[in-house]
Amino acid sequence: MGTLDEKTFKKLRRLYIIALSLIAISVIVSQILVSKFLDSQASDSSVINIAGRQRMLSQKLTKEAYQLYTFKELTRKEKLLDTISATRKLWKLNHLALQNGNDSLNIPKVNSPKVSALFTQINPYFNAIYKVSGELVRSIEVSDSVAASKGELALSTIEDNEGKFLNLMDRIVNQYDSEAEAKIDRLRSFEFLLAILTILILLGEFIFIFLPTAKAVRKGMYDLIIAEERSKKMARDADALSDSKEKLLWESKALNQAMDKSLLFVRLDIDGNILHTGEKFNKLFKHSFIGSNTKLKDLISRKEAERNTLERIIQEHRKTGWQGELKGTTPDGKDLWLEMTLLPFTHEEERSELLIIFLDITKRKEAHDEIERLTKEGFEELIKQQKTVSRQIIENQEKEQNRIAQDLHDGIGQMLTGLKFTLESIDLSDLDKASVKITNLKKLALDIIKGVRTATFNLTPPELSDHGLVPALSKLVKELSNLTGKTIQLHNKTDFNTRLDTLLEINTYRITQEAINNAIKYAESNYIIISVAHSKNLLSVTIDDDGNGFNLENQQEIRRGDGGMGMTFMRERTNYINGRLFVNSDVGKGTRITLNIPITS
(Lines give C-alpha, C1' and ligand atoms only; values in the text may rest on other atoms or scores of the structure.)
Protein backbone atom coordinates (compact mmCIF):
# COMPACT_ATOMS: atom_id res chain seq x y z
CA MET A 1 0.00 0.00 0.00
CA GLY A 2 2.77 2.41 0.95
CA THR A 3 4.74 1.54 -2.22
CA LEU A 4 1.71 2.18 -4.42
CA ASP A 5 1.08 5.56 -2.76
CA GLU A 6 4.70 6.56 -3.27
CA LYS A 7 4.71 5.55 -6.95
CA THR A 8 1.44 7.34 -7.60
CA PHE A 9 2.65 10.50 -5.87
CA LYS A 10 5.90 10.53 -7.86
CA LYS A 11 4.02 10.04 -11.13
CA LEU A 12 1.54 12.82 -10.36
CA ARG A 13 4.36 15.17 -9.35
CA ARG A 14 6.29 14.42 -12.55
CA LEU A 15 3.25 14.98 -14.77
CA TYR A 16 2.32 18.18 -12.92
CA ILE A 17 5.84 19.57 -13.40
CA ILE A 18 5.74 18.67 -17.11
CA ALA A 19 2.38 20.42 -17.54
CA LEU A 20 3.51 23.61 -15.80
CA SER A 21 6.82 23.57 -17.67
CA LEU A 22 5.05 23.42 -21.03
CA ILE A 23 2.83 26.36 -20.09
CA ALA A 24 5.80 28.37 -18.79
CA ILE A 25 7.87 27.64 -21.92
CA SER A 26 5.03 28.68 -24.22
CA VAL A 27 4.53 31.95 -22.32
CA ILE A 28 8.26 32.77 -22.25
CA VAL A 29 8.76 31.98 -25.94
CA SER A 30 5.69 33.98 -26.94
CA GLN A 31 6.84 36.94 -24.85
CA ILE A 32 10.32 36.87 -26.44
CA LEU A 33 8.86 36.78 -29.95
CA VAL A 34 6.33 39.54 -29.22
CA SER A 35 9.09 41.68 -27.69
CA LYS A 36 11.12 41.35 -30.90
CA PHE A 37 8.10 42.49 -32.91
CA LEU A 38 7.58 45.48 -30.64
CA ASP A 39 11.27 46.46 -30.72
CA SER A 40 11.07 46.73 -34.51
CA GLN A 41 8.20 49.23 -34.13
CA ALA A 42 9.79 51.40 -31.42
CA SER A 43 11.06 54.06 -33.81
CA ASP A 44 8.05 54.24 -36.18
CA SER A 45 6.34 57.13 -34.39
CA SER A 46 9.56 59.21 -34.37
CA VAL A 47 10.16 58.61 -38.09
CA ILE A 48 6.58 59.53 -39.06
CA ASN A 49 6.66 62.63 -36.83
CA ILE A 50 9.94 63.92 -38.29
CA ALA A 51 8.86 63.08 -41.84
CA GLY A 52 5.69 65.10 -41.29
CA ARG A 53 7.67 68.02 -39.89
CA GLN A 54 9.75 68.18 -43.08
CA ARG A 55 6.67 69.42 -44.97
CA MET A 56 6.14 72.13 -42.37
CA LEU A 57 9.81 73.13 -42.45
CA SER A 58 9.85 73.41 -46.24
CA GLN A 59 6.77 75.64 -46.16
CA LYS A 60 8.28 77.68 -43.35
CA LEU A 61 11.53 78.07 -45.32
CA THR A 62 9.60 79.26 -48.39
CA LYS A 63 7.61 81.76 -46.34
CA GLU A 64 10.72 83.14 -44.65
CA ALA A 65 12.48 83.43 -48.04
CA TYR A 66 9.67 85.59 -49.43
CA GLN A 67 9.62 87.71 -46.25
CA LEU A 68 13.39 88.14 -46.37
CA TYR A 69 13.21 89.42 -49.94
CA THR A 70 10.22 91.71 -49.40
CA PHE A 71 11.14 93.30 -46.03
CA LYS A 72 12.72 96.74 -46.31
CA GLU A 73 13.75 97.42 -42.72
CA LEU A 74 17.32 96.32 -41.95
CA THR A 75 16.48 95.25 -38.39
CA ARG A 76 13.71 92.91 -39.48
CA LYS A 77 15.94 91.41 -42.16
CA GLU A 78 18.73 90.71 -39.68
CA LYS A 79 16.36 88.86 -37.34
CA LEU A 80 14.90 86.93 -40.28
CA LEU A 81 18.37 85.95 -41.48
CA ASP A 82 19.02 84.15 -38.18
CA THR A 83 15.63 82.44 -38.34
CA ILE A 84 16.01 81.22 -41.92
CA SER A 85 19.52 79.91 -41.17
CA ALA A 86 18.19 77.86 -38.25
CA THR A 87 15.33 76.55 -40.38
CA ARG A 88 17.70 75.50 -43.18
CA LYS A 89 19.97 73.75 -40.66
CA LEU A 90 17.12 71.80 -39.00
CA TRP A 91 15.55 70.97 -42.38
CA LYS A 92 18.79 69.50 -43.68
CA LEU A 93 19.49 67.62 -40.42
CA ASN A 94 16.08 65.91 -40.53
CA HIS A 95 16.36 65.16 -44.25
CA LEU A 96 19.71 63.44 -43.83
CA ALA A 97 18.58 61.63 -40.66
CA LEU A 98 15.57 60.13 -42.44
CA GLN A 99 17.85 58.70 -45.12
CA ASN A 100 20.96 57.73 -43.12
CA GLY A 101 19.57 57.26 -39.58
CA ASN A 102 20.22 59.24 -36.41
CA ASP A 103 20.53 57.72 -32.90
CA SER A 104 19.70 60.95 -31.06
CA LEU A 105 16.45 61.30 -33.05
CA ASN A 106 15.67 57.55 -32.66
CA ILE A 107 15.64 57.04 -36.43
CA PRO A 108 16.87 53.71 -37.87
CA LYS A 109 19.64 53.62 -40.46
CA VAL A 110 17.84 51.37 -42.94
CA ASN A 111 14.74 52.31 -44.97
CA SER A 112 12.57 50.05 -47.08
CA PRO A 113 13.31 49.95 -50.86
CA LYS A 114 10.13 51.97 -51.58
CA VAL A 115 11.10 54.74 -49.15
CA SER A 116 14.67 54.83 -50.46
CA ALA A 117 13.36 55.17 -54.01
CA LEU A 118 11.13 58.09 -52.99
CA PHE A 119 14.07 59.84 -51.33
CA THR A 120 16.07 59.39 -54.52
CA GLN A 121 13.30 61.24 -56.37
CA ILE A 122 12.96 64.02 -53.77
CA ASN A 123 16.68 64.76 -53.24
CA PRO A 124 17.09 66.97 -56.38
CA TYR A 125 14.20 69.20 -55.27
CA PHE A 126 15.55 69.38 -51.74
CA ASN A 127 19.07 70.24 -52.90
CA ALA A 128 17.75 72.90 -55.25
CA ILE A 129 15.68 74.61 -52.53
CA TYR A 130 18.45 74.30 -49.97
CA LYS A 131 21.06 75.72 -52.35
CA VAL A 132 19.08 78.70 -53.65
CA SER A 133 17.84 79.58 -50.14
CA GLY A 134 21.50 79.91 -49.14
CA GLU A 135 22.15 82.07 -52.20
CA LEU A 136 19.15 84.22 -51.25
CA VAL A 137 20.62 84.81 -47.80
CA ARG A 138 23.96 85.83 -49.29
CA SER A 139 22.26 88.13 -51.83
CA ILE A 140 20.46 89.96 -49.01
CA GLU A 141 23.76 90.38 -47.14
CA VAL A 142 25.53 91.88 -50.22
CA SER A 143 22.63 94.18 -51.29
CA ASP A 144 23.66 95.18 -54.81
CA SER A 145 21.83 95.02 -58.13
CA VAL A 146 23.45 91.73 -59.15
CA ALA A 147 22.59 90.20 -55.80
CA ALA A 148 18.99 91.40 -56.11
CA SER A 149 18.73 89.71 -59.49
CA LYS A 150 20.06 86.49 -57.95
CA GLY A 151 17.54 86.81 -55.11
CA GLU A 152 14.64 86.97 -57.58
CA LEU A 153 16.00 83.93 -59.37
CA ALA A 154 16.36 82.08 -56.05
CA LEU A 155 12.72 82.82 -55.13
CA SER A 156 11.60 81.56 -58.52
CA THR A 157 13.61 78.35 -58.05
CA ILE A 158 12.16 77.78 -54.56
CA GLU A 159 8.65 78.31 -55.89
CA ASP A 160 9.20 75.81 -58.74
CA ASN A 161 10.60 73.07 -56.49
CA GLU A 162 8.49 73.44 -53.34
CA GLY A 163 5.30 71.85 -54.73
CA LYS A 164 7.16 68.83 -56.07
CA PHE A 165 8.99 68.44 -52.76
CA LEU A 166 5.73 68.57 -50.78
CA ASN A 167 4.02 66.01 -53.03
CA LEU A 168 6.88 63.54 -52.70
CA MET A 169 7.14 64.20 -48.96
CA ASP A 170 3.45 63.33 -48.61
CA ARG A 171 4.12 60.04 -50.39
CA ILE A 172 7.06 59.34 -48.05
CA VAL A 173 4.97 60.01 -44.92
CA ASN A 174 2.15 57.82 -46.25
CA GLN A 175 4.63 55.04 -47.03
CA TYR A 176 6.08 55.24 -43.49
CA ASP A 177 2.56 55.09 -42.06
CA SER A 178 1.60 52.12 -44.25
CA GLU A 179 4.70 50.20 -43.19
CA ALA A 180 3.96 50.88 -39.50
CA GLU A 181 0.37 49.70 -39.95
CA ALA A 182 1.64 46.54 -41.66
CA LYS A 183 3.89 45.81 -38.68
CA ILE A 184 0.97 46.20 -36.29
CA ASP A 185 -1.18 43.89 -38.43
CA ARG A 186 1.57 41.28 -38.39
CA LEU A 187 1.88 41.59 -34.61
CA ARG A 188 -1.89 41.25 -34.17
CA SER A 189 -1.94 38.08 -36.29
CA PHE A 190 1.05 36.72 -34.41
CA GLU A 191 -0.61 37.35 -31.03
CA PHE A 192 -3.70 35.49 -32.23
CA LEU A 193 -1.60 32.51 -33.29
CA LEU A 194 0.15 32.51 -29.90
CA ALA A 195 -3.21 32.44 -28.12
CA ILE A 196 -4.36 29.50 -30.26
CA LEU A 197 -1.06 27.69 -29.55
CA THR A 198 -1.47 28.20 -25.80
CA ILE A 199 -5.02 26.81 -25.89
CA LEU A 200 -3.82 23.80 -27.91
CA ILE A 201 -1.07 23.17 -25.34
CA LEU A 202 -3.66 23.19 -22.54
CA LEU A 203 -5.92 20.86 -24.51
CA GLY A 204 -2.99 18.52 -25.21
CA GLU A 205 -2.03 18.44 -21.52
CA PHE A 206 -5.61 17.60 -20.60
CA ILE A 207 -5.80 14.77 -23.17
CA PHE A 208 -2.29 13.31 -22.87
CA ILE A 209 -1.43 14.01 -19.21
CA PHE A 210 -4.39 14.47 -16.90
CA LEU A 211 -6.77 11.91 -18.47
CA PRO A 212 -4.08 9.15 -18.49
CA THR A 213 -3.25 10.08 -14.89
CA ALA A 214 -6.89 9.69 -13.89
CA LYS A 215 -7.02 6.28 -15.59
CA ALA A 216 -3.84 5.19 -13.79
CA VAL A 217 -5.27 6.25 -10.42
CA ARG A 218 -8.52 4.45 -11.17
CA LYS A 219 -6.56 1.27 -12.02
CA GLY A 220 -4.64 1.61 -8.75
CA MET A 221 -7.91 1.85 -6.84
CA TYR A 222 -9.18 -1.26 -8.63
CA ASP A 223 -6.00 -3.15 -7.67
CA LEU A 224 -6.49 -2.11 -4.04
CA ILE A 225 -10.06 -3.43 -4.11
CA ILE A 226 -8.85 -6.77 -5.49
CA ALA A 227 -6.16 -6.91 -2.80
CA GLU A 228 -8.76 -6.24 -0.12
CA GLU A 229 -10.96 -9.06 -1.45
CA ARG A 230 -7.98 -11.37 -1.32
CA SER A 231 -7.31 -10.36 2.28
CA LYS A 232 -10.91 -11.11 3.23
CA LYS A 233 -10.70 -14.49 1.53
CA MET A 234 -7.54 -15.28 3.50
CA ALA A 235 -9.34 -14.33 6.72
CA ARG A 236 -12.23 -16.65 5.84
CA ASP A 237 -9.77 -19.41 5.08
CA ALA A 238 -8.17 -18.86 8.48
CA ASP A 239 -11.58 -19.21 10.17
CA ALA A 240 -12.12 -22.49 8.35
CA LEU A 241 -9.07 -23.93 10.08
CA SER A 242 -10.95 -23.95 13.39
CA ASP A 243 -13.26 -26.72 12.05
CA SER A 244 -10.59 -29.35 12.59
CA LYS A 245 -9.39 -29.66 16.21
CA GLU A 246 -6.51 -32.02 15.50
CA LYS A 247 -5.27 -30.00 12.56
CA LEU A 248 -5.56 -26.80 14.58
CA LEU A 249 -3.58 -28.35 17.46
CA TRP A 250 -0.75 -29.44 15.18
CA GLU A 251 -0.61 -26.15 13.35
CA SER A 252 -0.87 -24.14 16.54
CA LYS A 253 2.19 -25.85 17.99
CA ALA A 254 4.22 -25.12 14.87
CA LEU A 255 2.82 -21.64 14.80
CA ASN A 256 3.71 -21.02 18.43
CA GLN A 257 7.32 -21.93 17.79
CA ALA A 258 7.55 -19.58 14.84
CA MET A 259 5.59 -16.83 16.56
CA ASP A 260 7.82 -16.96 19.64
CA LYS A 261 10.80 -15.97 17.53
CA SER A 262 9.37 -13.59 14.94
CA LEU A 263 5.93 -12.20 15.86
CA LEU A 264 4.45 -9.91 18.47
CA PHE A 265 1.73 -12.17 19.79
CA VAL A 266 -0.05 -13.06 22.98
CA ARG A 267 -2.64 -15.65 24.04
CA LEU A 268 -5.43 -14.64 26.40
CA ASP A 269 -8.24 -16.33 28.16
CA ILE A 270 -11.77 -15.18 27.51
CA ASP A 271 -11.51 -12.59 30.33
CA GLY A 272 -8.37 -10.91 28.91
CA ASN A 273 -5.78 -12.48 31.23
CA ILE A 274 -2.42 -13.33 29.65
CA LEU A 275 -1.79 -17.06 29.10
CA HIS A 276 1.33 -16.90 26.95
CA THR A 277 3.54 -14.24 25.31
CA GLY A 278 6.15 -14.46 22.57
CA GLU A 279 9.78 -13.57 22.99
CA LYS A 280 9.55 -10.54 20.71
CA PHE A 281 6.56 -9.26 22.68
CA ASN A 282 8.49 -9.65 25.94
CA LYS A 283 11.47 -7.69 24.58
CA LEU A 284 9.32 -4.84 23.32
CA PHE A 285 7.34 -4.42 26.53
CA LYS A 286 10.16 -5.61 28.87
CA HIS A 287 7.81 -8.23 30.25
CA SER A 288 8.46 -11.47 32.14
CA PHE A 289 5.45 -13.80 32.17
CA ILE A 290 4.24 -14.23 35.76
CA GLY A 291 0.80 -15.77 35.74
CA SER A 292 -2.76 -15.62 34.51
CA ASN A 293 -3.65 -12.63 36.66
CA THR A 294 -1.74 -10.23 34.40
CA LYS A 295 -4.01 -8.19 32.11
CA LEU A 296 -2.93 -7.39 28.57
CA LYS A 297 -4.12 -3.78 28.90
CA ASP A 298 -1.68 -3.26 31.80
CA LEU A 299 1.25 -4.00 29.45
CA ILE A 300 0.08 -2.28 26.27
CA SER A 301 -0.36 1.18 27.77
CA ARG A 302 -0.14 3.25 30.91
CA LYS A 303 -2.78 5.72 29.71
CA GLU A 304 -6.28 5.09 31.01
CA ALA A 305 -8.03 5.95 27.71
CA GLU A 306 -5.86 3.55 25.70
CA ARG A 307 -6.29 0.79 28.28
CA ASN A 308 -10.07 1.19 28.20
CA THR A 309 -10.05 1.04 24.39
CA LEU A 310 -8.20 -2.27 24.39
CA GLU A 311 -10.47 -3.71 27.07
CA ARG A 312 -13.57 -2.69 25.08
CA ILE A 313 -12.24 -4.31 21.89
CA ILE A 314 -11.56 -7.62 23.69
CA GLN A 315 -14.97 -7.71 25.36
CA GLU A 316 -16.95 -6.78 22.25
CA HIS A 317 -15.11 -8.95 19.70
CA ARG A 318 -13.89 -11.95 21.69
CA LYS A 319 -16.35 -14.18 19.83
CA THR A 320 -16.27 -12.65 16.35
CA GLY A 321 -12.67 -11.52 16.03
CA TRP A 322 -11.34 -8.06 15.13
CA GLN A 323 -8.65 -6.39 13.04
CA GLY A 324 -7.51 -2.78 13.17
CA GLU A 325 -5.03 -0.22 14.52
CA LEU A 326 -4.41 0.36 18.20
CA LYS A 327 -2.38 2.98 20.00
CA GLY A 328 -0.23 2.04 22.97
CA THR A 329 2.70 3.20 25.06
CA THR A 330 6.12 1.59 25.58
CA PRO A 331 7.48 1.18 29.13
CA ASP A 332 9.71 4.24 28.63
CA GLY A 333 6.65 6.38 27.73
CA LYS A 334 6.96 6.56 23.92
CA ASP A 335 3.87 6.34 21.70
CA LEU A 336 3.42 3.03 19.94
CA TRP A 337 1.12 2.17 17.02
CA LEU A 338 0.14 -1.48 16.57
CA GLU A 339 -1.86 -3.27 13.91
CA MET A 340 -3.86 -5.77 15.98
CA THR A 341 -5.52 -9.00 14.82
CA LEU A 342 -7.79 -10.69 17.36
CA LEU A 343 -8.56 -14.38 16.60
CA PRO A 344 -10.88 -16.41 18.89
CA PHE A 345 -10.31 -20.16 18.96
CA THR A 346 -11.23 -23.22 21.02
CA HIS A 347 -8.49 -25.07 22.87
CA GLU A 348 -8.24 -28.84 22.96
CA GLU A 349 -9.93 -28.89 26.38
CA GLU A 350 -12.91 -27.13 24.80
CA ARG A 351 -11.70 -23.94 26.41
CA SER A 352 -12.16 -20.68 24.53
CA GLU A 353 -9.07 -18.54 24.12
CA LEU A 354 -7.98 -15.48 22.21
CA LEU A 355 -4.92 -15.21 19.99
CA ILE A 356 -3.75 -11.63 19.37
CA ILE A 357 -1.07 -10.90 16.80
CA PHE A 358 0.49 -7.44 16.76
CA LEU A 359 2.41 -5.69 14.02
CA ASP A 360 4.49 -2.67 14.99
CA ILE A 361 3.48 0.03 12.50
CA THR A 362 4.87 3.00 14.44
CA LYS A 363 7.51 3.84 11.84
CA ARG A 364 5.02 3.42 8.99
CA LYS A 365 2.54 5.66 10.80
CA GLU A 366 5.19 8.31 11.44
CA ALA A 367 6.37 8.06 7.82
CA HIS A 368 2.78 8.43 6.59
CA ASP A 369 2.24 11.50 8.79
CA GLU A 370 5.57 12.93 7.62
CA ILE A 371 4.61 12.33 3.98
CA GLU A 372 1.31 14.13 4.52
CA ARG A 373 3.11 17.02 6.21
CA LEU A 374 5.78 17.25 3.50
CA THR A 375 3.15 16.92 0.78
CA LYS A 376 1.16 19.79 2.26
CA GLU A 377 4.29 21.91 2.73
CA GLY A 378 5.48 21.01 -0.77
CA PHE A 379 2.23 22.08 -2.40
CA GLU A 380 2.11 25.27 -0.32
CA GLU A 381 5.70 26.06 -1.29
CA LEU A 382 4.92 25.27 -4.93
CA ILE A 383 1.91 27.60 -4.87
CA LYS A 384 4.04 30.28 -3.19
CA GLN A 385 6.75 29.90 -5.84
CA GLN A 386 4.14 30.08 -8.58
CA LYS A 387 2.82 33.35 -7.17
CA THR A 388 6.37 34.72 -6.94
CA VAL A 389 7.07 33.78 -10.57
CA SER A 390 3.82 35.41 -11.68
CA ARG A 391 4.69 38.59 -9.77
CA GLN A 392 8.17 38.72 -11.35
CA ILE A 393 6.66 38.31 -14.82
CA ILE A 394 4.34 41.25 -14.18
CA GLU A 395 7.22 43.37 -12.83
CA ASN A 396 9.60 42.70 -15.73
CA GLN A 397 7.13 42.81 -18.65
CA GLU A 398 4.69 45.59 -19.50
CA LYS A 399 3.04 44.10 -22.55
CA GLU A 400 -0.38 42.57 -23.01
CA GLN A 401 0.73 38.92 -22.97
CA ASN A 402 1.51 39.17 -19.18
CA ARG A 403 -2.21 38.88 -18.46
CA ILE A 404 -2.37 35.52 -20.26
CA ALA A 405 0.44 34.07 -18.08
CA GLN A 406 -1.23 35.15 -14.87
CA ASP A 407 -4.73 33.98 -15.93
CA LEU A 408 -3.45 30.59 -17.07
CA HIS A 409 -1.35 30.15 -13.96
CA ASP A 410 -3.69 31.41 -11.23
CA GLY A 411 -7.03 30.54 -12.79
CA ILE A 412 -7.02 27.75 -15.37
CA GLY A 413 -4.07 25.89 -13.78
CA GLN A 414 -5.84 25.69 -10.40
CA MET A 415 -9.12 24.63 -12.02
CA LEU A 416 -7.28 21.88 -13.94
CA THR A 417 -5.73 20.74 -10.64
CA GLY A 418 -9.24 20.62 -9.17
CA LEU A 419 -10.37 18.66 -12.24
CA LYS A 420 -7.53 16.19 -11.71
CA PHE A 421 -8.33 15.57 -8.03
CA THR A 422 -12.05 15.25 -8.77
CA LEU A 423 -11.23 12.58 -11.38
CA GLU A 424 -9.06 10.81 -8.82
CA SER A 425 -11.89 10.69 -6.28
CA ILE A 426 -14.45 9.05 -8.63
CA ASP A 427 -15.46 5.63 -7.30
CA LEU A 428 -17.23 3.67 -10.05
CA SER A 429 -18.63 1.22 -7.50
CA ASP A 430 -20.81 4.01 -6.08
CA LEU A 431 -22.79 5.20 -9.10
CA ASP A 432 -24.76 7.88 -7.23
CA LYS A 433 -21.67 9.65 -5.93
CA ALA A 434 -19.91 9.16 -9.26
CA SER A 435 -22.85 10.84 -11.04
CA VAL A 436 -22.69 13.85 -8.69
CA LYS A 437 -18.95 14.19 -9.23
CA ILE A 438 -19.33 13.95 -13.01
CA THR A 439 -21.88 16.80 -12.80
CA ASN A 440 -19.30 18.81 -10.84
CA LEU A 441 -16.72 17.96 -13.51
CA LYS A 442 -19.00 19.45 -16.18
CA LYS A 443 -19.33 22.68 -14.18
CA LEU A 444 -15.56 22.78 -13.62
CA ALA A 445 -14.99 22.26 -17.36
CA LEU A 446 -17.29 25.23 -18.06
CA ASP A 447 -15.26 27.30 -15.58
CA ILE A 448 -12.07 26.30 -17.42
CA ILE A 449 -13.62 27.37 -20.74
CA LYS A 450 -14.65 30.63 -19.11
CA GLY A 451 -11.08 31.15 -17.85
CA VAL A 452 -9.67 30.50 -21.31
CA ARG A 453 -12.17 32.98 -22.72
CA THR A 454 -11.10 35.58 -20.14
CA ALA A 455 -7.40 35.07 -21.00
CA THR A 456 -8.15 35.35 -24.73
CA PHE A 457 -10.25 38.49 -24.24
CA ASN A 458 -7.29 40.26 -22.58
CA LEU A 459 -5.62 40.47 -26.01
CA THR A 460 -5.99 43.73 -27.93
CA PRO A 461 -9.65 43.89 -29.06
CA PRO A 462 -10.34 44.51 -32.76
CA GLU A 463 -12.78 47.29 -31.80
CA LEU A 464 -9.82 49.41 -30.66
CA SER A 465 -8.11 49.49 -34.07
CA ASP A 466 -11.34 49.43 -36.11
CA HIS A 467 -13.57 51.90 -34.26
CA GLY A 468 -11.52 53.69 -31.62
CA LEU A 469 -11.22 54.06 -27.85
CA VAL A 470 -14.84 54.47 -26.70
CA PRO A 471 -16.25 51.44 -28.64
CA ALA A 472 -13.37 49.32 -27.32
CA LEU A 473 -14.06 50.42 -23.73
CA SER A 474 -17.77 49.70 -24.25
CA LYS A 475 -16.95 46.16 -25.40
CA LEU A 476 -14.54 45.72 -22.45
CA VAL A 477 -17.20 46.80 -19.94
CA LYS A 478 -19.80 44.49 -21.46
CA GLU A 479 -17.50 41.44 -21.51
CA LEU A 480 -16.17 41.93 -17.98
CA SER A 481 -19.71 42.42 -16.64
CA ASN A 482 -20.74 39.11 -18.16
CA LEU A 483 -17.60 37.26 -17.05
CA THR A 484 -17.42 38.53 -13.45
CA GLY A 485 -21.05 39.29 -12.57
CA LYS A 486 -20.00 42.77 -11.38
CA THR A 487 -21.96 45.93 -12.21
CA ILE A 488 -19.65 47.83 -14.60
CA GLN A 489 -20.92 50.87 -16.52
CA LEU A 490 -19.45 53.29 -19.07
CA HIS A 491 -20.62 56.95 -19.32
CA ASN A 492 -19.47 59.00 -22.32
CA LYS A 493 -20.38 62.38 -20.82
CA THR A 494 -19.33 64.53 -23.79
CA ASP A 495 -20.07 62.03 -26.59
CA PHE A 496 -16.38 61.68 -27.39
CA ASN A 497 -15.88 59.75 -30.67
CA THR A 498 -12.69 61.23 -32.14
CA ARG A 499 -9.97 58.86 -33.34
CA LEU A 500 -6.58 59.43 -31.69
CA ASP A 501 -3.04 58.33 -32.46
CA THR A 502 -2.78 54.51 -32.37
CA LEU A 503 -0.29 54.39 -29.50
CA LEU A 504 -2.35 56.92 -27.56
CA GLU A 505 -5.49 54.79 -27.92
CA ILE A 506 -3.72 51.54 -27.03
CA ASN A 507 -2.08 52.93 -23.88
CA THR A 508 -5.28 54.66 -22.72
CA TYR A 509 -7.20 51.41 -23.20
CA ARG A 510 -4.58 49.38 -21.28
CA ILE A 511 -4.47 51.84 -18.37
CA THR A 512 -8.26 51.73 -18.05
CA GLN A 513 -8.26 47.93 -18.35
CA GLU A 514 -5.64 47.61 -15.59
CA ALA A 515 -7.62 49.92 -13.27
CA ILE A 516 -10.80 47.86 -13.80
CA ASN A 517 -8.95 44.57 -13.24
CA ASN A 518 -7.44 45.90 -10.00
CA ALA A 519 -10.89 46.93 -8.79
CA ILE A 520 -12.25 43.45 -9.56
CA LYS A 521 -9.37 41.31 -8.30
CA TYR A 522 -7.97 43.21 -5.33
CA ALA A 523 -10.54 45.78 -4.19
CA GLU A 524 -13.48 43.30 -4.27
CA SER A 525 -15.67 45.96 -5.82
CA ASN A 526 -19.33 45.43 -6.70
CA TYR A 527 -19.88 48.63 -8.73
CA ILE A 528 -17.38 50.15 -11.17
CA ILE A 529 -18.12 53.28 -13.22
CA ILE A 530 -15.93 54.51 -16.11
CA SER A 531 -16.51 58.12 -17.15
CA VAL A 532 -15.14 59.66 -20.37
CA ALA A 533 -15.10 63.43 -20.94
CA HIS A 534 -13.11 65.74 -23.20
CA SER A 535 -12.43 69.35 -24.00
CA LYS A 536 -10.59 70.94 -26.91
CA ASN A 537 -7.10 69.88 -25.76
CA LEU A 538 -7.73 67.28 -23.02
CA LEU A 539 -9.28 63.81 -22.72
CA SER A 540 -10.19 62.61 -19.22
CA VAL A 541 -11.00 59.01 -18.19
CA THR A 542 -12.15 58.37 -14.60
CA ILE A 543 -12.59 54.94 -12.96
CA ASP A 544 -14.60 54.87 -9.70
CA ASP A 545 -15.21 51.75 -7.57
CA ASP A 546 -16.82 50.99 -4.21
CA GLY A 547 -14.17 48.47 -3.16
CA ASN A 548 -11.93 48.13 -0.12
CA GLY A 549 -9.61 50.99 -1.06
CA PHE A 550 -6.04 51.27 0.26
CA ASN A 551 -3.67 53.59 2.10
CA LEU A 552 -1.67 55.64 -0.42
CA GLU A 553 1.02 56.48 2.16
CA ASN A 554 1.71 52.85 2.98
CA GLN A 555 4.05 52.19 0.04
CA GLN A 556 5.39 49.00 1.59
CA GLU A 557 1.94 47.41 1.62
CA ILE A 558 1.31 48.50 -1.96
CA ARG A 559 4.59 47.04 -3.22
CA ARG A 560 3.94 43.77 -1.43
CA GLY A 561 1.75 42.71 -4.34
CA ASP A 562 -1.79 44.02 -3.71
CA GLY A 563 -1.98 45.99 -6.94
CA GLY A 564 1.41 47.68 -6.59
CA MET A 565 2.87 46.54 -9.91
CA GLY A 566 -0.42 47.32 -11.62
CA MET A 567 -0.12 50.90 -10.42
CA THR A 568 3.48 51.04 -11.68
CA PHE A 569 2.29 49.64 -15.01
CA MET A 570 -0.33 52.42 -15.30
CA ARG A 571 2.08 55.21 -14.37
CA GLU A 572 4.70 54.09 -16.89
CA ARG A 573 2.13 54.00 -19.68
CA THR A 574 0.83 57.41 -18.59
CA ASN A 575 4.32 58.91 -18.77
CA TYR A 576 4.80 57.33 -22.20
CA ILE A 577 1.82 59.27 -23.65
CA ASN A 578 2.68 62.48 -21.72
CA GLY A 579 -0.44 62.18 -19.56
CA ARG A 580 -1.13 62.62 -15.86
CA LEU A 581 -2.51 59.99 -13.45
CA PHE A 582 -4.30 60.90 -10.21
CA VAL A 583 -5.16 58.27 -7.56
CA ASN A 584 -7.48 58.96 -4.62
CA SER A 585 -8.33 56.14 -2.20
CA ASP A 586 -9.25 55.57 1.45
CA VAL A 587 -9.51 52.25 3.24
CA GLY A 588 -13.13 51.09 3.11
CA LYS A 589 -14.27 54.03 0.92
CA GLY A 590 -13.35 52.89 -2.58
CA THR A 591 -10.90 54.27 -5.14
CA ARG A 592 -10.97 56.91 -7.89
CA ILE A 593 -8.36 56.88 -10.66
CA THR A 594 -8.30 59.80 -13.12
CA LEU A 595 -6.26 59.80 -16.34
CA ASN A 596 -5.78 63.11 -18.20
CA ILE A 597 -4.32 62.95 -21.72
CA PRO A 598 -3.40 65.91 -23.94
CA ILE A 599 -5.04 65.72 -27.38
CA THR A 600 -5.20 67.91 -30.44
CA SER A 601 -8.51 69.05 -31.87
Subject >> the range 497-512 residues that are over 11 Å from ILE597 (Cβ atoms), paired with ones that are among the small types (Gly, Ala, Ser) and in a helix (DSSP H, G or I) (beta carbon under 8 Å, 6 or more apart) >> reply: THR502/SER465; LEU503/SER45; TYR509/ALA472
Original post:
In the range 570-595, how many are touching a Gly at 6+ places or on another chain (Cβ under 7 Å) and either surrounded by 15 or more Cβ atoms within 10 Å (Cβ to Cβ) or without any contact (Cβ under 8 Å) to a residue 40 or more places away in the chain (or both)?
Top reply: 6
Original post:
Restricted to the range 59-108, and to residues that are of a type in the set (Phe, Trp, Tyr) and part of a helix (DSSP H, G or I), which residue is modelled with the highest pLDDT?
Top reply: TRP91
Original post:
Across the range 278-304, which residue is surrounded by the fewest Cβ atoms within 10 Å (Cβ to Cβ) among those that are modelled with pLDDT of 75 or more and not in a loop (DSSP other than H, G, I, E, B)?
Top reply: GLU304
**OP:** Only residues that are without any contact (Cβ under 8 Å) to a residue 60 or more places away in the chain, among the polar types (S, T, N, Q) and either under 18 Å from HIS534 (Cα atoms) or in a helix (DSSP H, G or I) (or both): list them for the range 462-488, please.
**Re:** SER474, SER481, ASN482, THR484
Original post:
Consider PHE210 against the criteria (1) surrounded by 12 or more Cβ atoms within 10 Å (Cβ to Cβ); (2) at pLDDT below 75; (3) of a type in the set (Phe, Trp, Tyr); (4) farther than 30 Å from GLU424 by Cα: it satisfies all of them except one. Which criterion is unmet?
Top reply: (4)
**OP:** Would you check which residues across the range 196-207 are aliphatic (A, V, I, L, M) and surrounded by fewer than 18 Cβ atoms within 10 Å (Cβ to Cβ) and list them?
**Re:** ILE196, LEU197, ILE199, LEU200, ILE201, LEU203, ILE207
**OP:** Only residues that are closer than 15 Å to GLU424 by Cβ and at pLDDT below 70: list them for the range 213-252, please.
**Re:** none
Subject >> the range 524-565, subset crowded, with 18+ Cβ neighbours inside 10 Å and small (Gly, Ala, Ser), residue modelled with the highest pLDDT >> reply: SER540
Original post:
Taking the range 477-510 on its own, how many of its residues are over 16 Å from GLU463 (Cα atoms) and out of contact with any His (no Cβ under 8 Å at 6 or more places or on another chain)?
Top reply: 13
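The values are calculated or read from the model by the stated rules, or taken from the named source; none is laboratory data. Source: prediction; values computed, not measured. Positions of Cβ are generated from backbone atoms using ideal geometry, with glycine treated the same way; all protein chains shown enter the neighbour counts.
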